[in-house]
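The values are calculated or read from the model by the stated rules, or taken from the named source; none is laboratory data. Quick caveat, the model's predicted, so the values are computed rather than measured. Positions of Cβ are backbone-derived with ideal geometry, glycine not excepted, and every protein chain shown enters the neighbour counts.
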Amino acid sequence: MVFQIGPLRIRKLEEKDNVVLARWLSDPAVLEYYEGRDNPFNLEKVNEIFYSADDDEVRCMVEFDGVMIGYIQFYLIDDETKKVYGYADDNIYGTDQFIGEVDYWNKGIGTLLVTLMVNYLTDHKNADRVVLDPQIRNKRAIRCYEKCGFKKVKILSKRELHEGEYQDCWLMEYKNDLVLGH
């Protein structure tokens with residue numbers, strides 16, 4: 001387990017979670033904002049993307065009151081990405097997440113999830129900053145991130161291929177003012 005606070009539990013991804021991920025990532029409502037409706041996942045694709053990757057992402061499942069409701073991953077931003085984002089040597093983490101159970105949307109759980117992950121990364125991983133790059137059209141996610149203390153930094157032009165078109169994304173950051181002294 002990564003952490004649990006109240007009804008929200010974040011635990012590392014397990015092999016048995018692949019069926020749930022495949023269900024979420026074949027739901028058009030989820031895919032509208034995550035990966036694209038033209039890019040549904042089957043079990044084979046979930047296994048390839050989430051279980052055989054050679055990267056440093058920490059992949060986790062999100063549970064609320066004992067029910068699996070979503071996915072979150074976090075990772076240290078590499079030097080190449082830091083250059084694209086315009087950062088120097090800070091200890092910067094990125095995170096990506098989605099609530100896969102649509103019945104749990106618009107209940108404040110995403111805000112709670114992101115807030116707790118930011119606290120985890122700043123308190124336990126000594127993150128100077130935490131960054132996200134939502135598509136600029138994903139207004140609900142952007143509002144959530146702003147509620148969690150993230151600020152828009154700049155537009156990343158044509159950052160993400162989504163449903164056949166490259167989409168602009170916002171680079172959003174949370175600054176750990178205690179570490180950065182601002």
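Do the conditions hold for K151, that is, is it surrounded by fewer than 18 Cβ atoms within 10 Å (Cβ to Cβ), farther than 17 Å from Q73 by Cβ and either under 15 Å from the mean Cα position of the chain (by Cα) or modelled with pLDDT of 95 or more (or both)?
Values: surrounded by fewer than 18 Cβ atoms within 10 Å (Cβ to Cβ): yes; farther than 17 Å from Q73 by Cβ: yes; either under 15 Å from the mean Cα position of the chain (by Cα) or modelled with pLDDT of 95 or more (or both): yes.
So K151 passes the test.
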Identify, please: which residue in the stretch 96-117 is without any contact (Cβ under 8 Å) to a residue 60 or more places away in the chain and farther than 24 Å from Q167 by Cβ and is, among those, surrounded by the most Cβ atoms within 10 Å (Cβ to Cβ)?
T115
Pick out, from the stretch 35-125, the strands (runs of 3 or more DSSP E) lying fully within it that include 1 or more residues that are among the small types (G, A, S).
67-76, 92-99
Exclusive hit being among the polar types (S, T, N, Q), under 16 Å from L113 (Cβ atoms), surrounded by fewer than 21 Cβ atoms within 10 Å (Cβ to Cβ) and out of contact with any helix residue (DSSP H, G or I) (no Cβ under 6 Å at 6 or more places or on another chain), set N138, N126
N138
Of the numbered conditions (1) of a type in the set (A, V, I, L, M); (2) farther than 26 Å from R23 by Cβ; (3) touching a helix residue (DSSP H, G or I) at 6+ places or on another chain (Cβ under 7 Å), I99 fails exactly one; give the number of that condition.
(2)
What are the residues in the stretch 79-105 that are more than 22 Å from I155 (Cβ to Cβ) and among the polar types (S, T, N, Q), if any?
N91
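Scan C148, C144 and give me the residue that is more than 21 Å from V30 (Cα to Cα), in contact (Cβ under 8 Å) with a residue 24 or more places away in the chain, in contact with a Ser or Thr (Cβ under 6 Å, 6 or more places away or on another chain) and of a type outside the set (F, W, Y).
Working: C144 fails: more than 21 Å from V30 (Cα to Cα).
None of the other options fit; the residue is C148.
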Residue that is over 25 Å from V2 (Cβ atoms) and under 16 Å from the mean Cα position of the chain (by Cα), where the choices are Q135, Q73:
Q135
Considering each residue of the stretch 20-38, count those that are within 18 Å of the chain's Cα centre (by Cα), surrounded by fewer than 15 Cβ atoms within 10 Å (Cβ to Cβ) and in contact (Cβ under 8 Å) with a residue 40 or more places away in the chain, and give that number.
1
